[in-house]
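The values are calculated or read from the model by the stated rules, or taken from the named source; none is laboratory data. The structure displayed is predicted, hence computed values, not measured ones. All Cβ positions, glycine included, derive from the backbone under ideal geometry; neighbour counts span all protein chains shown. Heads up: the accessible areas ignore ligands, DNA and RNA and are worked out on the full protein's heavy atoms, side chains in. Shrake-Rupley method; radii C 1.70, N 1.55, O 1.52, S 1.80 Å.
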Amino acid sequence: MGIIFTVQEKCKGCYACVRNCPVKAIRVKEGIAGVMEERCVTCGACVTICAVGAKQARSGIGLVRQLLGQSTPVIAVLSSAFPAAFPEVRPGQIVAALKKLGFSEVTEAAFGAELVCREYGRIVRENRGKPILSSTCPAVTSLVEKYYPQLIDSLAPIVSPMVAMGRVIRWRYNPEAKVVFIGPCVAKKAEAEDEKVAGVIDAVLTFPELNEMLAAKGIDPLSEEEEQFSGPRPHLGRLFPVPGALLKLAGISDDILVSDVVVAEGIDRAMSCLMEFAQGKVNAKFMDIFFCQGCIDGPVIDKSLSLCGRREKIIDYA
């Protein structure tokens, strides 16, 4: 089973997923719209657009329950987008709820974002040759690897905040622990299994999967007393899921008059910029591209708040 798959009995043959897949990775056979894994970049667009829930991402719940049932400590790495995903819950209450679920400690991926953005600032300042393409969005990275192989050498040799924080835990904090990432992104599930970073992240949960696990145990975060995060304390790295934050954290100018830096967020703009880059029509020094409008607009984040409202939650917390 691929990361994204079709629940055949739910598929109504409306073809909304076919029309909205940016890489044409869905094929209709005998009235069922199935995902072609070899073409899929796990952006989650089909999961979002499917009104009947026929398109789903492979659940990490079973694996996480198995990890939590063992004697080895399990550390949660919480995506920087969490304040937007749980707008009514205080950060310390999320920590308490996760510990009640069985996690030994809860850390913030935002510290990994700070490490990553520091490196982006360095390589952009030192770059004197080919353009650099950000590699923090796993859907964009997969898109480049599958559809624009000529751009692979332009991808920044820098891991994502998720992987960076996983390495912090494994190399410096608690090498014996299992590490579970929790966030708003389906593509993170594929990234965790990428052979280039395999073994850093043991499992990935989406925010809806976390909510399902909490509900199954009768845990209401709003009823919990606040507890503290573990691990290194981040600062402005908490801004990472907001559009344009990478540039600010890396110290890269985003002045509209600076033509050698391009920022593109959202599927249409991302696809357009990559195509023009591949055709040699863009002469940027650095391109920061995300499939979503920042991670606060991930395919499986609670969107009861507007995008502006989610942005405010992240900024207030930071």
Helix-derived mean residue ellipticity, 222 nm - over the chain, DSSP H n ≥ 4, -39500 (n - 2.57), to 500: -10000 deg cm²/dmol
Stretch gain in nm, segment R19-K196, where the contour uses 0.36 nm per residue and the Cα spacing is subtracted: 60.5 nm
Residue among P161, P234, P175 with the largest mean-square fluctuation in a Gaussian network model of the chain, springs linking Cα atoms under 10 Å: P175
Prolate/oblate/rounded call for the range 1-148, Cα gyration tensor, a/c under 1.5 rounded: oblate
Anisotropy class of the range 42-114 from Cα gyration tensor, a/c 1.5 cut: oblate
13 Å reach of a label modelled at N127, 7 Å along Cα-to-Cβ, counting backbone N of the range 139-161: 152-158
Amide proton proximity set for A33, modelled H, under 5 Å, gap of 5+: G13
Highest to lowest packing among 6-12, 61-67, 46-52, 110-116, scored as the average C-beta count within 10 Å: 110-116, 46-52, 61-67, 6-12
Cα-based shape type of the range 212-318, given that a ≥ b ≥ c are square roots of the gyration tensor eigenvalues and the cut on a/c is 1.5: prolate
For the range 219-295, accessible area per residue (1.4 Å probe, heavy atoms of protein chains only), Å²: 52 Å²
